[in-house]
Amino acid sequence: MTEHPNSSGRHRTAGGDAPGLEGKAHPCAAEPPATGDGAPHGTVARDRAEAAGAEPQGHPCAAAPAIPPQRRDATAAAQAAGGAGTPGGTDGTPPGGGGPGGGAPGRAGERLRFVGAATRRIARGIDLDEIVLGLCRATVPTFADAILVYLRDPLPVGDERPVGPVVLRLRRTDRLPDREDVEGGAPERPDPAPELAVAAAERCEVRIGGPLAEVLRGVRPVFGDSSAARAALPELLGEGRDVPLARRTVLAPLRGRRRVIGAAVFVRRQDRQPFEADDLLVAAQLATHTALGVDKAVLYGREVYIADELQRTMLPDSLPQPTGVRLASRYLPAAETARVGGDWYDAIPLPGNRVALVVGDVMGHSMTSAAIMGQLRTTAQTLAGLDLPPQEVLHHLDEQAQRLGSDRMATCLYAVYDPVAHRIVIANAGHPPPVLLHRGGRAEVLRVPPGAPIGVGGVDFEAVELDAPAGATLLLYTDGLVESRIRDVWTGIEQLRERLTETARLTGPNPPPLEPLCDEVLGMLGPGDRDDDIALLAARFEGIAPSDVAYWFLEPRPQTARQARRLARRALTRWGLEELSDPVELLVSEVVTNAVRYAERPVTLRLLRTDVLRCEVGDDVPQLPRLRQARPSDEGGRGLYLVNKVARRWGATRLSTGKVVWFELGLPARGR
């Protein structure tokens, strides 16, 4: 495929700076004099309309019959003062009195100014729609009266090789409105191409070796009256379409960095000066910058999609629901960047019905941030499984961040809630402090030593142990919730505390529902408050009543298994669960016997009655038991086999002091 005639290093790429149209004179003869900042009135009005969210109502081009009478006077005044014309002229006589292409003194400068302003406008776009809209708004009516933009469907990404036939789909059309559209009256003359703007073919499959394929392969724009365009336009727009010829139509292929990705059709009315040879260069520049911008937008969109999917796969699909605590979460990406960040949250069940609550934030918004976040989250889950204290978890996370070799630091808050003791242990690594909403409606910012961010290295982390009363709600969050360009982090934390207090007042003495509470918290965000992504984790402490817990220390002696069976039977009788006595005694005997055989320190036995009956046996031996099939001649090895057959669930967790083996049994209907 040949190179584009304007693909040299002299032109500005679509990824260049985009200061906008302000400060540049628009090359349209129909424009009134420039404003004080150098921008034409029409450009300012159009930009203001776009900023307000309104669709511009067409450009006041001099040759178009849609110019209101009050604008004609301004146009005449501008022309009398020596105003510049459009690149292609708006009537049959270009400025300076020369004929079409007759070398009028200002025509070359006008085209350069127009191309510069138009390419900057195209480059302002970030996504696909903004770039195509920029081309249409910059072109109509200054350069053409109508434009159609076709793009490949699907658009290839990077070095991806398209498969199947080349399909072009109409992405956008734009045209100069007629007098009826602008003034509300009957048009003085018919629109030369009304069907072109609204009735062109929505989809075109490019035939291999066909006329349209030849034009696209040639890369260069062609006039509508050329033999190539006369055959290619019906294939693109559809048979029977009324297309102005005689150099009033230009067909311009859109070539990206590696391949043609679409086509643009520029059309002028019959009462306007036809396109000139130099206008092909203008069309080529517009097509080149648009195609490069589309390439950029497609790559950007793919990167955002991959990063977003990467982060969402790393965030938990659902939260666990351990006994004694209820959990809810929210995640919101940054509104302006639309880029994935490094915020994460997690809830990890621990032995003894405890749960670890984690919220972290990796600096930056990129796939790198998301990847680091995923590694730190996985590391935190592994460390939590070892049941390490919170401060040690943060210490090992800090070491892991340094091993990753990234210059991106992270903040993290790690808390462990014990529903039996009604206590919570919290350690902080440079993260915003948690907020505790008490049952009576008082919101409190917990005083937790802030610590240094993860990745600094060589620092110690400190943990604090606090009361976690039943009915209280703990909120962990990232800084995107409380910090923005218009408020500092401590102002945001105080606003969060006040918001929680106001919400709790609505429910009186009862704590507010957890899910609506999260929505209320996010409702405090106003315009300009979504500079960063937000992770929110809420935990409602319910606890486990002391009457539902039985706990014993047992010396490792041969008669300990018998003692454990007797204690378990007494607890079940007190709870009215005599129906479970036989299976519980059998399983307790097997697990305690195995613990006593190897333990050197006292063995712990704990029974918890919640929605299930849970039994936990702890010892000081770190080796975890493994389920195996015992041979007929083996004297042992059948204890875990019985546990696996009788219990609803069972497992073993390694602790810093040894291990815990646990099993669960369902409660009978009357014992629930």
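Name the residue, out of Val588, Val549, Val584, that is among the β-branched types (Val, Ile, Thr) and without any contact (Cβ under 8 Å) to a residue 40 or more places away in the chain.
Working: Val549 fails: without any contact (Cβ under 8 Å) to a residue 40 or more places away in the chain; Val584 fails: without any contact (Cβ under 8 Å) to a residue 40 or more places away in the chain.
When all the criteria are applied, what remains is Val588.
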Give the residues of region 549-576 that are surrounded by 12 or more Cβ atoms within 10 Å (Cβ to Cβ) and assigned to a strand (DSSP E or B), sorted by residue number. Val549, Ala550, Tyr551, Trp552, Leu554
Among the residues of region 435-446 satisfying the criterion of being of a type in the set (Gly, Ala, Ser) and part of a loop (DSSP other than H, G, I, E, B), which is nearest to Arg499 (Cα to Cα)? Gly441
Give me the residue from region 642-658 that is at pLDDT 90 or above and part of a loop (DSSP other than H, G, I, E, B) and, out of that set, nearest to Leu627 (Cα to Cα). Ala647
When you go through (1) at pLDDT below 95; (2) within 18 Å of Ala356 (Cα to Cα) one by one for Cys412, which number turns out not to apply? (1)
Looking only at region 256-274, how many residues end up being over 16 Å from Val219 (Cα atoms) and either modelled with pLDDT of 90 or more or touching a helix residue (DSSP H, G or I) at 6+ places or on another chain (Cβ under 7 Å) (or both)? 1
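Given the structure, is Asp271 surrounded by fewer than 19 Cβ atoms within 10 Å (Cβ to Cβ), touching a residue at least 40 places away in the same chain (Cβ under 8 Å) and farther than 30 Å from Cys518 by Cα?
Details: surrounded by fewer than 19 Cβ atoms within 10 Å (Cβ to Cβ): yes; touching a residue at least 40 places away in the same chain (Cβ under 8 Å): yes; farther than 30 Å from Cys518 by Cα: yes.
Yes: the conditions hold for Asp271.
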May I ask you to list the residues in region 334-350 that are over 13 Å from Tyr414 (Cβ atoms) and at pLDDT 80 or above? Gly342, Asp343, Pro349
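Regarding Thr323, is this residue in contact with a Ser or Thr (Cβ under 7 Å, 6 or more places away or on another chain), in contact (Cβ under 8 Å) with a residue 60 or more places away in the chain and more than 28 Å from Pro156 (Cβ to Cβ)? Walk me through it before giving the result.
Values: in contact with a Ser or Thr (Cβ under 7 Å, 6 or more places away or on another chain): yes; in contact (Cβ under 8 Å) with a residue 60 or more places away in the chain: yes; more than 28 Å from Pro156 (Cβ to Cβ): yes.
Considered against the rule, which asks whether it is in contact with a Ser or Thr (Cβ under 7 Å, 6 or more places away or on another chain), in contact (Cβ under 8 Å) with a residue 60 or more places away in the chain and more than 28 Å from Pro156 (Cβ to Cβ), Thr323 comes out as yes.
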Flagged in region 127-149 as under 17 Å from Asp279 (Cα atoms) and part of a loop (DSSP other than H, G, I, E, B), in numbering order, are Val140, Pro141, Thr142, Phe143, Ala144, Asp145
Test set (1) part of a loop (DSSP other than H, G, I, E, B); (2) within 25 Å of Thr503 (Cα to Cα) - Ile424 fails condition number: (1)
Looking across region 177-199 at residues that are of a type in the set (A, V, I, L, M, F, W, C) and over 20 Å from Ala287 (Cα atoms), the single one that is modelled with the highest pLDDT is Ala199
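Determine if region 285-297 includes at least one residue that is without any contact (Cβ under 8 Å) to a residue 12 or more places away in the chain and assigned to a helix (DSSP H, G or I). Step through it out loud before you land on a result.
First, the residues of region 285-297 that are without any contact (Cβ under 8 Å) to a residue 12 or more places away in the chain: none.
For region 285-297, residues without any contact (Cβ under 8 Å) to a residue 12 or more places away in the chain and assigned to a helix (DSSP H, G or I): absent.
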When you look at Leu310, is it more than 16 Å from Ile147 (Cα to Cα) and at pLDDT 90 or above, yes or no? no
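Among Gly301, Gly240, which is the only one that is at pLDDT below 85, among the small types (Gly, Ala, Ser) and not in a helix (DSSP H, G or I)? Even if it seems obvious, please write down each step before you answer.
Numbers: Gly301 fails: not in a helix (DSSP H, G or I).
On inspection, the qualifying residue turns out to be Gly240.
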Having 2 or more residues that are surrounded by 20 or more Cβ atoms within 10 Å (Cβ to Cβ) and assigned by TED's automatic domain parsing to the domain that holds Val362 is the bar; report the strands (runs of 3 or more DSSP E) wholly within region 457-548 that clear it. 473-477, 534-541
Please work out if Val603 is of a type in the set (Val, Ile, Thr) and modelled with pLDDT of 95 or more. yes
Which one of Pro449, Pro432 is in contact with a helix residue (DSSP H, G or I) (Cβ under 7 Å, 6 or more places away or on another chain), assigned to a loop (DSSP other than H, G, I, E, B) and under 28 Å from Glu542 (Cβ atoms)? Pro432
Every residue from region 343-391 that is among the basic types (Lys, Arg) and over 27 Å from the mean Cα position of the chain (by Cα): Arg354
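The values are calculated or read from the model by the stated rules, or taken from the named source; none is laboratory data. The structure displayed is predicted, hence computed values, not measured ones. FYI the Cβ positions are ideal-geometry reconstructions off the backbone, even for glycines, and counts take in every protein chain you see.
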